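Working notes, structure below.
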Amino acid sequence: MLFQSSLRLIRLLALLISLTIINAFPVTTQLASRASSCADVNGTFVINEQGLYPENANFDAASCQLYLSVVYNASVAVYDPYLGNMTVIEFANITRNPEFHIDGAVASPYTSTIFILANAAAAFTTQGQDVSGTNMLLQLDPVSRNEISRVNLTETTQGAYGGFQDLEFDMRGNVYVLGTFPGSIVRVEPEANNGTGVNVVEWWKVDTPTTTNGMAGLATFRNSNVLLANDNAGTTNSSLVKFDMTQAKGTPVPIPISNNRTIAGSDAMRLPVKYNGTVLLVAVDVAGIEVLRSKDGTWDNAEGLGLVSNNVSAAMGGSVTNTVEIGNRILMVEEFFADGPNGGNRTQFPFVDITDEVDRLVIVDPSFVDRSRLEKEQRSIFKGF
């Protein structure tokens, strides 16, 4: 009897140790030690600023400042999420010009400057029926907050396509600018010697009418050559595709998504630093954030982990257009398109903290271990005493 009790005790201790190890290392996805040296924000916050309407948001980890594209005013707001201070940056012949929207203000991890998309507004107000007008890529010094340069993208597109609304970067200094009407990507190459210091090339474009609502978001991870994009038109037979940024021309490769998840009809996307490029957060309008994962970061395949709902009171009835990572916290960016094609007099704009919801989807992996089997075994061992 003493031997049997000792044996049961050893089995119990071994099981408890295994459960402890499982709880300590719940899954697969390795988190970065910290997303940045900037402090976390204290959950959901609201910016009180009339007419802000941030179409997109990007956190500059070098300055710990939040850059917001003020879409209808065609300006950029720089917000300190710790002190609550905000500065608005205006651009000559663009700000308060109804012909322009600003749809992106993104910090490059390679140049320490901010790149800004000033787009012809008509492409969005007409849903691609009118893609005429000027599209500009601006570069901003985040210290002096002075404009460094501007590149006219329309000189390359010749007004044949437009609706530019997102951008990404590669380690060679190229800037990838995504257009929606129809799906397109132009690459701005700084190494060319053509008098302006850049060369703008049509890197990829789908051959469909301009009223085709194509891609809306790009995402990549630092020092990676994989560029992810969403294909809302389904022209590639997948709602998620990837490109190889080392190639002279882009070729979309469809990425299958498991678990019957889809990102059709989505907006911007982000690969949070805290997940080391293995988790993609995709904004799906009023629904919320679809969470996808590639455990090895190659994005040959994507696991559909689930949806973080935007149907929460903190969102104030907005549509989620993207997520932003501040420190180690992840927040939804809310826009209010129902206020009208030029916005309205709204004064409150929420940023909804969904960090815990995303972590639960990413870290808890039911396939990793059969918890019910272990718990049943644990109960049977206890019965033996």
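Odds and ends about this structure:
- Residues in region 78-93 that are at negative phi and surrounded by fewer than 22 Cβ atoms within 10 Å (Cβ to Cβ): VAL78, ASP80, TYR82, LEU83, ASN85, MET86, THR87, VAL88, ILE89, GLU90, PHE91, ALA92.
- Listed by first and then second residue, the pairs with beta-carbon distance under 6 Å, at least 6 apart or on different chains, first residue in region 262-278 and crowded, with 24+ Cβ neighbours inside 10 Å, second among the basic types (Lys, Arg), form an empty list.
- Some residue of region 291-304 being under 19 Å from GLU55 (Cα atoms) and either within 13 Å of the chain's Cα centre (by Cα) or part of a loop (DSSP other than H, G, I, E, B) (or both): no
- Residue within region 335-355 that is among the polar types (S, T, N, Q) and under 18 Å from the mean Cα position of the chain (by Cα) present: yes
- Of residues in region 322-353 being outside any strand (DSSP E or B) and among the hydrophobic types (A, V, I, L, M, F, W, C), the one farthest from GLN165 (Cα to Cα): ALA338
- Filtering region 171-184 for residues that are at positive phi and either in contact with a Phe, Trp or Tyr (Cβ under 8 Å, 6 or more places away or on another chain) or not acidic (Asp, Glu) (or both) leaves a non-empty set.
- Options VAL201, VAL186; residue that is in a strand (DSSP E or B), in contact with a Leu (Cβ under 9 Å, 6 or more places away or on another chain) and either within 20 Å of SER69 (Cβ to Cβ) or in contact (Cβ under 8 Å) with a residue 24 or more places away in the chain (or both): VAL186
- Taken over region 94-107, the criterion of being surrounded by fewer than 17 Cβ atoms within 10 Å (Cβ to Cβ) and either within 11 Å of GLU55 (Cα to Cα) or touching a strand residue (DSSP E or B) at 6+ places or on another chain (Cβ under 7 Å) (or both) is satisfied by GLU99 alone.
- Given (1) touching an Asp or Glu at 6+ places or on another chain (Cβ under 8 Å); (2) closer than 25 Å to ASN342 by Cα; (3) in a loop (DSSP other than H, G, I, E, B), number of the condition LEU117 does not satisfy: (3)
- Checking TYR110 against (1) at pLDDT below 95; (2) part of a strand (DSSP E or B), the condition it does not meet: (2)
- Enumerated strands (runs of 3 or more DSSP E) restricted to region 121-172, each holding at least 2 residues that are of a type in the set (A, V, I, L, M): 136-140, 147-152
- Filter pass, ILE363 being touching a helix residue (DSSP H, G or I) at 6+ places or on another chain (Cβ under 6 Å), over 30 Å from GLU99 (Cα atoms), surrounded by fewer than 22 Cβ atoms within 10 Å (Cβ to Cβ) and modelled with pLDDT under 95: no
- For region 91-137, a residue qualifies if it is over 16 Å from VAL177 (Cβ atoms), in contact with a Gly (Cβ under 9 Å, 6 or more places away or on another chain) and of a type in the set (A, V, I, L, M), and the qualifying residues are ALA121, ALA122.
- Only one entry in ALA287, ALA233 is surrounded by fewer than 23 Cβ atoms within 10 Å (Cβ to Cβ) and free of Cβ contacts under 8 Å to residues at least 40 places away in the same chain, namely ALA287.
- Any hit, region 339-346, residues being surrounded by 19 or more Cβ atoms within 10 Å (Cβ to Cβ) and modelled with pLDDT of 95 or more: no
- Flag for ALA32 being of a type in the set (A, V, I, L, M) and either modelled with pLDDT of 50 or more or part of a strand (DSSP E or B) (or both): no
- Matching residues in region 305-320 - criterion: being surrounded by fewer than 18 Cβ atoms within 10 Å (Cβ to Cβ) and either without any contact (Cβ under 8 Å) to a residue 24 or more places away in the chain or part of a strand (DSSP E or B) (or both): LEU307, SER309, SER313, GLY317
- Total residues in region 84-111 satisfying the condition of being touching a residue at least 60 places away in the same chain (Cβ under 8 Å), under 20 Å from the mean Cα position of the chain (by Cα) and more than 17 Å from PHE169 (Cβ to Cβ): the figure is 0.
- If you go through region 130-167 and keep only what is in contact (Cβ under 8 Å) with a residue 60 or more places away in the chain and surrounded by 14 or more Cβ atoms within 10 Å (Cβ to Cβ), you end up with VAL131, LEU140, PRO142, PHE164, GLN165, ASP166, LEU167.
The values are calculated or read from the model by the stated rules, or taken from the named source; none is laboratory data. Nothing here was measured: the structure is a model prediction, and the numbers come from that model. Methodologically, a virtual Cβ is constructed for each residue, glycine included, from the backbone with ideal geometry; neighbour enumeration extends over all protein chains shown.
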